[in-house]
Each structure stands twice: as C-alpha cells, then as structure tokens.
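Visitor: Once you've had a glance at the structure underneath, I'll fire off some questions.
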Amino acid sequence: MAHLVLDKLSKAFGNQQAVSELDLTVAKGEFVSLLGPSGCGKTTTLQMIAGFVEPTSGAVTLDGADLLAKPPSKRGLGIVFQSYALFPHMTVAENVGFGLEMRGLGRAERDSRITEALTLVGLASFGERYPRRMSGGQQQRVALARALVIRPPVLLLDEPLSNLDAKLREGMQAELRAIQRTTGTTTILVTHDQSEAMALSDRIVVMNQGRIEQIAAPEQAYASPASAFVAGFLGKTNRLDGECTDQRISVAGAAFAAPAGTASGPVTVSVRPERIAFGPASPAAIPGRVATRVFQGAHWLFEIETAQGAVSVIRQNTGEGVPGEGDNVHLHAASQDLLVTERRP
Amino acid sequence: MSKRGELGRNGPLALAFNGLFLAFMLAPILVVCVVAFTPEGYLSLPRRGLSLRWFRAILDYPEFITAFRDSVWLGALSSTIAIGFAVPAALAIARYRFAGRETLLSLMMSPLMIPHVVLGIAFLRFFTQIGLTGNFFGLVIGHVIIVTPFALRLVLAASTGMDQRIEHAAASLGAEPFTVFRRVTLPLILPGVVSGWVLAFITSFDEVSMTVFIASPATNTLPVRLFLYIQDNIDPLVCSISTVLIVLMAVLMVVLDRVYGLDRLFVGTGKG
Amino acid sequence: MKRRRAATLVPYFLSAPALLLFLAVMIVPLIMTALLSFYDWGQYKGIVPEFTLKNWREMIADDYFLEVYVRTLRISLLVTLFSALIGVPEAYILNRMSPRWRPLCLLIVLGPLLISVVARTLGWALLLGSTGFLNQALVSLGLLSEPVGFMFTETGVVIALTHVLAPFMLLAVWAALQRLDGKVEQAAFSLGASQFSVIRKVVLPQIIPGILSGSVIVFALAASAFATPAIIGGRRLKVASTLAYDEFLNTLNWPLGAAVAVLLLVALVAIIVGCNRLIERRFAQVFE
Ligand SMILES: Nc1ncnc2c1ncn2[C@@H]1O[C@H](COP(=O)(O)OP(=O)(O)O)[C@@H](O)[C@H]1O
Ligand SMILES: [Mg+2]
C-alpha cells in the first residue's frame, strides 16, 4: 500500500552529490528511519520531502499526488527539528495553535485541539508558558504537539532526540513510539543513532554517501546486513581480511567453503561478537589466545588475539565455565552468521 | 608569583590615563552645557548662578524651532524608508547565495566610505538637473542613502543570527511566505529593526556635511542652521540649543544601550 | 518546473528595490559629478557642458590646491596617529576594567558618537579660542604668560578631530581585544614576563590588525570631515572638503568644485582599498 513514494530523488550542491537516486516507498502508518553517519544526506532527503530543498531530479508523491509541485505551506506535513524551532515570541498554546490558525479554525475548536495535543505529549498545564522557560525535553514535546495537531498525513522528524541527554532520550523514545501508535501517523525519522532507529522503526533505511545501502526491518538488517558498511554501522562487528580461492575462503588460519557466487580474490569476512562460539580445534575454526576477559553481569566480553588482529567475542553468562586470560581458544561461527564481501586490495 | 595578583587589574597609572581620557571625551560636551546656563549676555561660565534665559531665548528664534521640527520629520521619514529598503535586502543577503550578493552589500554600505561632502555635491548636481532643489523630498532621498548602511547592518546582524528553521516550521504549518514574515520573521528581528531605525534616525538628525549642500532657507535642518549660525558668531544661544540636542541624544543613547548595547552598535561604522 | 525558477528569483525580488534606489540616486549622481568636473565654467557664462581638462589642469598646476591637499593629508595622518596613541591604551584599559565600571566608561567614551558633530565642535571652539576656557585656565594657573589662539590653526583642528574620531579607533581595537584569549596573557605572566613585556610581546602583535583597520577608518573619516575643520579652521584654513564647499556655494564654480570632490573621493578610495589589501595580505593568518 504505497503512501509516500520517493522516486529516484537526487540532490547535488554544486558538484557534490548529497543524495543520489533515492527510491523509497512508505506505507500508511509505517514508522521508517533514515539511518546513516553525519553528512550522508539524511537531512537533505527530509528537506526535499518537506519542500525546503529543491531536488535536482526525481519525484515525491503522496497518495499519488505530486508533492514537489506544492510549496511547503501547502504540503501539510508535520515537521520536528533537532533545534525544536519553536516560536520564541509565542506561548506554548500559541505555538501549537499556529497551524490551526493558518487553517482558519475557529477559536473554540482550536482551543480544544490544542488541549488535546498538549495532553497527548503530557504538557496539558503548560499552555501559557513561553518556550525559553522550559527544559529541552519539554520543548521537544511542544514541537511534537505543534506538528501533530494539524493531523499531518506524514510526520518528519530530523534528529529530534539528539539534543537530549541519554536518560531523557530513552524515555522520549518510548513516548514517541507510543504516540505514533496512538495517532497512526506515517513517520519518517532521521537519525545517526542506530539503537534509536532500531528501537523505534518498522523499517530502517541505512544510507551512506547519499545512497541507500539497505532497506529492511531492524532485526533483519542487523542479522543479515546487505553490506560490510551496514554490518559495521548497525551494532558492533568483527571484520577480518581473507582470501577466496577455488570457492574456499581462508582467513586467520581457518578455511571454509565460500558462499555461492563469491568471486576469487581478497574478501572481508564480517561476524558479530555474539555469534562467535568457543569450541574444539578444527580446520574451520580460527585459533587465538584470550587477551582480555571482562565480566559484565549478563555476559562476558572477550578480546581474542588472532593472526588477523583482535576479535571481540560476547558470550551469555550461562553459569558454565569460560576460558581465562591467556588460554588458547578456537573460534567457531555458523556459516549463515558470516557476511563475506569482496575487498578492494 | 606576585605578578598574578596584578593580573586583570588596572594599575594607578592606567586608572589615571582612563580618567584623563574620559575627561577629554566629556570636556567639550560639558563646557557647552555649562555655558548654556550663563546669566550673562555673552559667552562665559555661569559664575553668578544659573539662568535659563538662553533657553527661553530659543523661543525667539522660530527658524530654529521649525528647523528642529523639520529635522525630526526628516529623520523619522528617512529612517523609516531606509528600513523599508534594508529589511528585504538584509533577508536576501542573510538567507540566499546569489550572483551579485557581495556587490549589493558593498553598494549599500558604500555611503560609509564616500565622503559626505562628495555625496552632498552629487545630490546637489542631481537635484538641480531634475528640478528637485530646495525640496524636502530631495532631503529625504539624500538622507535615505546616508542612513541605509546603519539600518542594514543591524537588520542584517539580526537576520543572520536568526534560526531559519523557525521560518521553515511556520511554513510547514501552512503559513504563506508573507505570513511567515509578518508573524515569525519580523517579530524575531524586531530588536535589530528598532535599533537600526533609532541609529538611522540619530545619524540623519546629526547629519551636516551632506545636508548643507542641498538644504535651502525654506527647508533646513537644525544642525545645518546651527552650523551656519556658528560660522558667523558663537554666543550662548547656540550653546543652549546644543544642550537641548545633547540631552535628547543622551536619552536615546541610554535607550539604545539598554536595547542593543553601545559597543555592538558601532562596530564597523563611521561618521564625522 | 516553473516553481523552481521562481524560487531562485526570490533574492532578486527582495534586493531589487534597494539596488535600484542606490543605482538611481547614488551611482547616477556620482557619475554626473564626475562628468561635471570635465565641464567648462565662466564667471558670466556659467556651466558649459563642453569637455575640457581645464579644471583638472588648474587643480594640478595651482600650488594653492596642492597646499590644501597636503594639509588634508597632514591633518588626517596626525589625527590617526593621536587617535591610536590614546585610543589603543584606553581600549586595553577598558577591557581590563571591572564589570562594575566598564559599562559607564563605555557609555562616556562611545556616547559622544551619537551627539551632533556640530555640538561637539562647538565645545572645542569654546575651549580653544584665545579668550577660550583652556587659555583662561592655563593663564590663571601661570602655565602661559599670554593666551595662545588655537582657533583657526591646524593644531585646533587636529585636537577637535581626534576627539571626534578616537572612539572609532577604540572600537576597532576593542573588537580585536574581545577575540583575544586571556589565557595566553596569563600563561605569559606565569612564565615570569613583566606587565610591559606581556603587552609588547603578547597583546600588541594580536591587536595590530585591529589598530590598522581602526587607522584606516579614522584616516578616511578625518580626510572627509567637514563640519569640524569648517568651524575650527574657519574661512582661511581650508581642507579638501571645505574647499569643495567653497567652490560650490561661494564661488559657484561647480565644475572646479566637482573636480576637487572627485579627486578627494578617488584618492580616498585608492588609499582605503590599498591599505585593506596590504593589511589582509600581511595579517591573513591573524584574521583566520
Ligand atoms: N545548503 C547546502 N549547501 C551545500 N552543501 C550542503 C548543503 N546542505 C547540505 N550539504 C552537504 O550535503 C551533504 C549531506 O548533508 P545532510 O543532508 O545535512 O547530511 P546529514 O543530515 O545526513 O548529516 C553534506 O556533505 C553537506 O555538507
Ligand atoms: Mg542532519
């Protein structure tokens, strides 16, 4: 059910390609995150949807209607900025009521919708305050209420939580998710924080240098990343340099069958720390020595010295004995947990 | 180690220098104000007590009263028009990168660099050619040019300092460009606009070097009248008129200092 | 994509009014004045719009004009020098002043900028005249045996102009001092440097760009000053701007007056642009 569609959306600033041929289809009520490192073109993409940056080429449609043909004021989208961008000269109620006023709503209906929106974000009694007399978290909620009160078909959030401290951020994430579920508003969140994207979204769009690396549900992107970049960006991963010859991969003293279709040549083998197990010596296991072992309550954290450098390993604390520092170990991993990608030498 | 204690504090020599400097800045202004209260009929310090006779004397010179009124009108009108030109230009310069942006900025700031006498001559020639001499309208045009840099600089500083995303937020909520300007942009740059207007007004109100060329007996400003009068003779009357001017400016100055801060106000300006 | 084109035109719509205004009523008159300086003029025939180099030749050949320009230059240089000599230390002292007194001092120092130049110059006329208060005070204190007239002298003009323009020097240096990191000064002190050598070796090199740009401003304003030299200098001690005024409103030889004005403008712009280039090139690293 296509709701919002980005079709080959591109933007160049001078000769710098900020966003390249972005294709994305968002369903109604879906929560999608644009995730990527700073400067990868997330904000530019959002601004093109909102209408503050003119695309160099491509199209954006909402329910089949061309969105690019309309000025920002006619698109009716809700937007929340990292800097909140509240109107400092208006009270909270006036801030929230601004969009309703622009739509020509009467005072009575305006007031009831303002109250409703402020209640939704838990600020019912703050209507008469001025934004500068509120905390960052409160200001962020006002910004959210202001964007939601106009009942936008799509809510655009640009790093909405990154100005908050870690503790507040977690609380706000849960709240944001709850509010989105309640209102059912299609939401696009821009963030460089992978845990935030994974906690909130139905689907994640991982971006790098203006291009999409992968679009998938969080757990899917985490379990089977489409590229070494995605693997590295979503959570911790070990990257080992290896060689592929005759459909066999040799890496750090171990050798195993290559996935079908792997070309001969240098490769990178990525594997998550929690997917590595200790086991008996075998040709398919990487030999190593425990350099450090850190107890973290629910799990153990190991640094293993191998022929290819340090490898992190995470083991659940099951109460069984684990190797100690200085012990020789052999690292095993299931073939579906290995990501093999070609490496340019 | 003993040096640490002295750090950041001014020694007696520095304080004495400061005292002399302040005295130097205040002396001519105070002398004018003091002489204005003389009870004598000639220039002198008021040794026999203070008198207001020279302030009352101003009323006997209607040409000074009308010149004062004209100056106020001229200042108010030219500052308002200058702000009208400066605000859109400042928004363009602050918000957009476009061909000719630097040129526009230099052009609008250039009256600070061009000697006012040269501008006065240019305006005189221009107005004579187009038949606008001895006309209040001509004075207004000339003053608009001279005060625009002051208006522009303060409005520009306010516009550059404003977060553009606030305007974007308003637009996304359905506000048309002009509504965004009226409801969001203007209120937020208002301190810069007001300070720019006041500074422009003061500049216009004090201007002599350019105005002296295009003023006529029918339409004249107070400083020009004062200047022409002083060229012929100096008496306590010009002191009392100057005192009125000084007090007026002092009031405006305190207001500006409160609203904007005097040191921020002047950085990069010039007049004399 | 009609909208796209319209959007890129917005800055031009916004700046068009100001651009047109300045072109129509500033650039056009300036060009007309430049042209005027090449017109002929006679006592009885008035202005004759025929191209001639007469005015420029007269200005260059006549020693009187040379004298006026040299005087203008001398006065401007002296005013710049004295403004620096008093403005720079005062900026440094103000910057170190306790926050309790600084606002008041700043108000006294910068306030006069808002007060009419005529009123300020009038004050100097009262102080400097041969029966003026400065003379009376000096004579009664026995420092002078007989009054000395400063009115109608270059000394008087330099004193009054320094008063008018020193605040600009102070502002430029003040801005440079604000950018200065107090920690560096502290570090120098902690290394055992004396107050004097800290100022000479640490503070001064960093504020020299400020002093230079302040000097350019003060010089330009001194060279174009009109009211102060007209009142203190009187009818005989002419500078370039008062000379142009005279040609225009007393002699009524507009073409010659235009030539005087155009030369003043061209010389000034050349000096300012040249100095700014020099400062920027020499101190590029300090400005970054
Ligand atoms: N107005 C602009 N002019 C020139 N380059 C820009 C502009 N806005 C963004 N960019 C460039 O485009 C790239 C993407 O920027 P942005 O979308 O803000 O990244 P993100 O939000 O992912 O951090 C960056 O390299 C940035 O420098
Ligand atoms: Mg961004």
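Visitor: Report whether or not A:VAL19 is aliphatic (A, V, I, L, M), buried (at least 22 other Cβ atoms within 10 Å of the Cβ) and closer than 21 Å to A:THR183 by Cα.
Guide: No: the conditions fail for A:VAL19.
Visitor: Quick one: would you say A:PHE52 is within 16 Å of ligand 2 (Cβ to nearest atom), over 20 Å from the mean Cα position of the chain (by Cα) and either in a helix (DSSP H, G or I) or among the aromatic types (Phe, Trp, Tyr) (or both)?
Guide: yes
Visitor: Okay, next question. Can we say B:ARG48 is within 12 Å of another protein chain (Cβ to nearest Cβ) and modelled with pLDDT under 95?
Guide: no
Visitor: If I filter segment C:66-84 down to residues being open to solvent by 70 Å² or more (accessible area, probe 1.4 Å) and under 13 Å from C:GLY214 (Cα atoms), which single residue comes out as nearest to the chain's Cα centre (by Cα)?
Guide: So, considering only residues that are open to solvent by 70 Å² or more (accessible area, probe 1.4 Å) and under 13 Å from C:GLY214 (Cα atoms), the one nearest to the chain's Cα centre (by Cα) is C:LEU77.
Visitor: Shifting gears a bit: Considering each residue of segment B:231-242, count those that are closer than 19 Å to B:SER71 by Cα and facing chain C (nearest Cβ under 8 Å), and give that number.
Guide: Total meeting the criteria: 3.
Visitor: Being at negative phi, open to solvent by less than 60 Å² (accessible area, probe 1.4 Å) and in a loop (DSSP other than H, G, I, E, B) is the filter here, so list the residues in segment B:46-56 that pass it.
Guide: Once the filter is applied, which keeps residues that are at negative phi, open to solvent by less than 60 Å² (accessible area, probe 1.4 Å) and in a loop (DSSP other than H, G, I, E, B), segment B:46-56 yields B:PRO46, B:SER51.
Visitor: If you scan segment A:214-236, which residues turn out to be open to solvent by 60 Å² or more (accessible area, probe 1.4 Å) and in contact with a Ser or Thr (Cβ under 7 Å, 6 or more places away or on another chain)?
Guide: A:LYS236
Visitor: Would you mind finding the one in C:LEU14, C:LEU21 that is crowded, with 19+ Cβ neighbours inside 10 Å, within 9 Å of chain B (Cβ to nearest Cβ) and within 28 Å of B:GLN129 (Cβ to Cβ)?
Guide: Going through C:LEU14, C:LEU21 in turn, just one is crowded, with 19+ Cβ neighbours inside 10 Å, within 9 Å of chain B (Cβ to nearest Cβ) and within 28 Å of B:GLN129 (Cβ to Cβ): C:LEU21.
Visitor: Could you please tell me which pairs satisfy a Cβ distance under 6 Å, a separation of 6+ or placement on different chains, a first residue in segment B:203-222 that is assigned by TED's automatic domain parsing to the domain that holds B:ALA67, and a second residue that is outside any helix (DSSP H, G or I)?
Guide: B:ASP206/C:SER116; B:SER209/C:PHE226; B:THR211/B:THR221; B:SER216/B:GLY134; B:ALA218/B:GLY134
Visitor: Can you pull out the residues in segment A:36-60 that are in contact with a Leu (Cβ under 8 Å, 6 or more places away or on another chain), within 15 Å of ligand 1 (Cβ to nearest atom) and of a type in the set (A, V, I, L, M)?
Guide: Listed by number, the residues that qualify are A:LEU46, A:MET48, A:ILE49, A:ALA50.
Visitor: So which residues in segment A:325-345 are part of a strand (DSSP E or B) and exposed (fewer than 15 other Cβ atoms within 10 Å of the Cβ)?
Guide: Once the filter is applied, which keeps residues that are part of a strand (DSSP E or B) and exposed (fewer than 15 other Cβ atoms within 10 Å of the Cβ), segment A:325-345 yields A:ASN328, A:GLU342.
Visitor: Oh, and also: Could you grab me the full set of residues in segment A:65-109 that are more than 25 Å from A:THR191 (Cβ to Cβ) and polar (S, T, N, Q)?
Guide: Matches in segment A:65-109: A:SER73, A:THR91.
Visitor: Would you call B:ARG48 out of contact with any Ser or Thr (no Cβ under 8 Å at 6 or more places or on another chain) and over 23 Å from B:ASP206 (Cβ atoms)?
Guide: yes
Visitor: Considering only segment A:155-187, state which residues are among the hydrophobic types (A, V, I, L, M, F, W, C), in contact with a helix residue (DSSP H, G or I) (Cβ under 7 Å, 6 or more places away or on another chain) and either open to solvent by less than 50 Å² (accessible area, probe 1.4 Å) or within 13 Å of ligand 2 (Cβ to nearest atom) (or both).
Guide: A:LEU155, A:LEU156, A:LEU161, A:LEU164, A:MET172, A:LEU176, A:ILE179
Visitor: Also, quick follow-up: Just to be sure before I move on: is A:SER10 within 16 Å of ligand 1 (Cβ to nearest atom) and either modelled with pLDDT of 95 or more or not polar (S, T, N, Q) (or both) in the structure I sent?
Guide: Judged against the criteria, A:SER10 is a match.
Visitor: Quick check on my filter: what residues within segment A:57-96 are open to solvent by less than 40 Å² (accessible area, probe 1.4 Å), within 23 Å of A:ASP23 (Cβ to Cβ) and in a loop (DSSP other than H, G, I, E, B)?
Guide: Those that are open to solvent by less than 40 Å² (accessible area, probe 1.4 Å), within 23 Å of A:ASP23 (Cβ to Cβ) and in a loop (DSSP other than H, G, I, E, B): A:LEU67, A:LEU68, A:LEU77.
Visitor: Does B:VAL35 count as β-branched (Val, Ile, Thr) and more than 8 Å from chain C (Cβ to nearest Cβ)?
Guide: no
Visitor: Also: Mind listing whichever residues of segment A:97-118 are in a helix (DSSP H, G or I) and either within 16 Å of ligand 2 (Cβ to nearest atom) or farther than 17 Å from B:VAL180 by Cβ (or both)?
Guide: Across segment A:97-118, the qualifying residues are A:ARG107, A:ALA108, A:GLU109, A:ARG110, A:ASP111, A:SER112, A:ARG113, A:ILE114, A:THR115, A:GLU116, A:ALA117, A:LEU118.
Visitor: I would also like to ask the following. Would you pick out the residues in segment B:211-227 that are among the hydrophobic types (A, V, I, L, M, F, W, C) and either within 10 Å of another protein chain (Cβ to nearest Cβ) or crowded, with 18+ Cβ neighbours inside 10 Å (or both)?
Guide: Residues satisfying the conditions are B:VAL212, B:PHE213, B:ILE214, B:ALA215, B:LEU222, B:VAL224, B:LEU226, B:PHE227.
Visitor: Scan segment A:61-93 residue by residue and report those that are polar (S, T, N, Q), without any contact (Cβ under 8 Å) to a residue 60 or more places away in the chain and either closer than 19 Å to A:HIS3 by Cβ or within 16 Å of ligand 1 (Cβ to nearest atom) (or both).
Guide: A:THR61
Visitor: Does segment A:33-42 include one or more residues that are more than 13 Å from ligand 2 (Cβ to nearest atom), on the phi > 0 side of the Ramachandran plot and outside any strand (DSSP E or B)?
Guide: Looking for residues that are more than 13 Å from ligand 2 (Cβ to nearest atom), on the phi > 0 side of the Ramachandran plot and outside any strand (DSSP E or B), one finds none in segment A:33-42, hence no.
Visitor: C:VAL68: over 30 Å from C:PHE248 (Cα atoms) and either of a type outside the set (Asp, Glu) or not in a helix (DSSP H, G or I) (or both), yes or no?
Guide: no
Visitor: Sticking with this structure for a sec: Scan segment B:180-205 for residues that are hydroxyl-bearing (Ser, Thr, Tyr) and at the interface with another protein chain (Cβ under 7 Å from one of its Cβ atoms) and jot them down.
Guide: Those that are hydroxyl-bearing (Ser, Thr, Tyr) and at the interface with another protein chain (Cβ under 7 Å from one of its Cβ atoms): none in segment B:180-205.
Visitor: Against the conditions (1) away from chain A (no Cβ under 14 Å); (2) in a helix (DSSP H, G or I); (3) crowded, with 23+ Cβ neighbours inside 10 Å, where does B:VAL208 fall short? Just the number, please.
Guide: (2)
Visitor: Hey, B:LEU245 hits all of (1) surrounded by fewer than 24 Cβ atoms within 10 Å (Cβ to Cβ); (2) within 30 Å of A:PHE87 (Cα to Cα) but one; which does it fall short on?
Guide: (2)
Visitor: Output the number of the condition that A:VAL5 fails; it satisfies all remaining conditions of (1) touching a strand residue (DSSP E or B) at 6+ places or on another chain (Cβ under 6 Å); (2) within 16 Å of ligand 2 (Cβ to nearest atom).
Guide: (2)
The values are calculated or read from the model by the stated rules, or taken from the named source; none is laboratory data. All figures in this text were calculated on a predicted structure; none of them were measured in a lab. Quick reminder, even Gly has a Cβ in these numbers, built from the backbone with ideal geometry, and neighbours come from all protein chains shown. Quick note on the areas: whole protein, heavy atoms, side chains included, nothing else; ligands and nucleic acids left out. Shrake-Rupley method; radii C 1.70, N 1.55, O 1.52, S 1.80 Å.
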